[in-house]
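Following: one structure in structure tokens, then a few remarks.
The values are calculated or read from the model by the stated rules, or taken from the named source; none is laboratory data. Given the structure is predicted, the values throughout are model-derived calculations rather than measurements. Glycine gets a Cβ as well: all are built from the backbone with ideal geometry, and neighbour counts include every protein chain shown. SASA here: full protein model, heavy atoms, side chains in, ligands and nucleic acids out. Shrake-Rupley method; radii C 1.70, N 1.55, O 1.52, S 1.80 Å.
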Amino acid sequence: MQRGKFITLEGGEGAGKSTNVAWLADYLREQGKDVLVTREPGGTEVSEAIRNVLLSPELPAMHPDTELLLMFAARNEHLRKKILPALEQGMWVICDRFTDATYAYQGYGRNIPLQRIAELEQWVQGDLRPDYVILFDLDVTTGMARAQARGRADRFEQEHAAFFERIRNGYQQRAQQVPSRYPIVDAAQPLGPVRMQLQQIINRILTGMGQE
Ligand code: TMP
């Protein structure tokens, strides 16, 4: 059995990942793939409970390292119970955020040393990395306005613009290091053109041309 592909969607707040994830899964199913859609933090009962702690605006502020460890605790559970078994069964796994979000938010956003994140990544994931990270890139002002329009802000959405600028910069830096693994979607465009960009990216991946 050939291992499935592991594709993650990343970006700042309001970039439209979640709006497009179901569409992406349907498109892949039309191409004959068996697809699992999931998200982080979350994806299993235990990890969704950890997500509630991480996002709750009712709880007092937590230490950045606590936030980091909770992200990886949720990830460990999710990987072992859901992602790895699916990949081993040959499924394509589409995950709304993964470890690139930890580098962007906890690393660049909260100023935790990237080396510390790399150590946890190696511990929890071993050699597993996403095959492709689709980055929804959007200017911070537009992203924050879209997120605000969705209603009540979670703990991250309550952060200030400078935090989100650091996150955008962090994602861009990671993408620049390995461009072939980080296709970028211009998320400032309307839904139709965004879907066309996504379709082109997935077609390249399906024909094996995504990897250089
Ligand atoms: P979502 O709004 O895309 O569902 O993601 C939940 C929030 O969690 C989002 O503000 C980004 C944040 N997050 C991190 O800070 N680090 C991580 O590793 C992950 C997966 C998410």
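Couple of notes before you dig in:
- Screening the candidates 170, 143, 208, 151 for the property of being among the small types (Gly, Ala, Ser), farther than 24 Å from residue 106 by Cβ and within 16 Å of the ligand (Cβ to nearest atom) yields one hit, 151.
- When the stretch 51-64 is filtered for residues that are of a type in the set (A, V, I, L, M), out of contact with any Phe, Trp or Tyr (no Cβ under 8 Å at 6 or more places or on another chain) and open to solvent by less than 40 Å² (accessible area, probe 1.4 Å), only 54 remains.
- Any hit, the stretch 127-140, residues being in a helix (DSSP H, G or I), free of Cβ contacts under 8 Å to residues at least 24 places away in the same chain and away from the ligand (no atom under 13 Å from the Cβ): no
- Of all residues assigned to the stretch 156-177, at least one qualifies as being assigned to a loop (DSSP other than H, G, I, E, B), open to solvent by 70 Å² or more (accessible area, probe 1.4 Å) and modelled with pLDDT under 95.
- Restricting the stretch 118-152 to residues that are under 18 Å from residue 103 (Cα atoms) and of a type in the set (Gly, Ala, Ser), the residue that is surrounded by the fewest Cβ atoms within 10 Å (Cβ to Cβ): 126
- Pair list, Cβ < 8 Å and 6+ apart or interchain, from the stretch 51-68 residues that are farther than 23 Å from residue 151 by Cβ to residues that are away from the ligand (no atom under 14 Å from the Cβ) and of a type outside the set (Val, Ile, Thr): none
- Close Cβ contacts (under 6 Å, 6 or more residues apart or on different chains) running from residues in the stretch 106-122 that are of a type in the set (D, E, K, R) to residues that are within 13 Å of the ligand (Cβ to nearest atom) comprise 110/64; 121/99.
- Residues in the stretch 106-117 that are open to solvent by 30 Å² or more (accessible area, probe 1.4 Å) and either more than 10 Å from the ligand (Cβ to nearest atom) or within 13 Å of residue 71 (Cα to Cα) (or both): 108, 111, 113, 114, 115, 116.
- Candidates 48, 10, 67, 40: the one that is open to solvent by 20 Å² or more (accessible area, probe 1.4 Å) and of a type outside the set (A, V, I, L, M, F, W, C) is 48.
- Residue match in the stretch 192-208 (condition: farther than 28 Å from residue 33 by Cα, surrounded by 11 or more Cβ atoms within 10 Å (Cβ to Cβ) and not acidic (Asp, Glu)): no
- Of the residues making up the stretch 186-203, one or more are assigned to a strand (DSSP E or B) and within 27 Å of residue 27 (Cα to Cα).
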